[in-house]
Amino acid sequence: MLDEDSLRRLRCPVNLGKLTQADDELIYRVNRLIEERGLSTRGGQPRCERVQGGLVTDDRRHLYPIQDGIICMLAESAIELELVDDAPK
């Protein structure tokens with residue numbers, strides 16, 4: 001988990017918007033969809049590996065995954081959240 005000061009300084013590399021820490025429910029839903037059918041990244045690549053956490057854009061369209069304590073802030077690696085929001089809870 002990031003401290004508040006670090007989180008305040010991070011910005012989405014695409015629109016420079018604020019990022020928030022993904023809650024446990026969102027991470028659970030993302031991982032469930034990755035396991036069931038896969039999710040696409042912003043770059044159009046399938047995401048097959050579960051995430052340990054993530055940072056969500058202020059428009060809630062993308063999640064920048066956290067793996068082994070490292071945030072992947074590459075725009076093309078962000079996970080599209082459209083399917084996650086549409087999926088049954």
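The values are calculated or read from the model by the stated rules, or taken from the named source; none is laboratory data. Quick caveat: nothing in here was measured; it's all calculated off a predicted structure. Every residue, glycine among them, receives a Cβ derived from its backbone with ideal geometry; neighbour counts consider all protein chains shown.
One residue stands out among those in region 1-40 that are of a type in the set (Val, Ile, Thr) and touching a Leu at 6+ places or on another chain (Cβ under 9 Å): the one that is nearest to SER77 (Cα to Cα), which is VAL30.
Under the condition of being over 11 Å from LEU81 (Cβ atoms), at pLDDT below 95 and in a loop (DSSP other than H, G, I, E, B), the residues counted in region 52-70 number 3. Pairs are defined by a Cβ separation below 9 Å, a sequence spacing of at least 6 or placement on different chains, a first member in region 43-72 that is under 20 Å from LEU10 (Cβ atoms), and a second member that is of a type in the set (Lys, Arg) and surrounded by 13 or more Cβ atoms within 10 Å (Cβ to Cβ); the pairs so defined are THR57/LYS18; ASP58/LYS18; ARG61/ARG42; HIS62/ARG42; PRO65/ARG47; GLN67/ARG50.
Working only within region 1-16, note down all residues that are exposed (fewer than 11 other Cβ atoms within 10 Å of the Cβ) and either assigned to a helix (DSSP H, G or I) or touching a Ser or Thr at 6+ places or on another chain (Cβ under 8 Å) (or both). Matches in region 1-16: GLU4, ASP5, SER6, ARG9.
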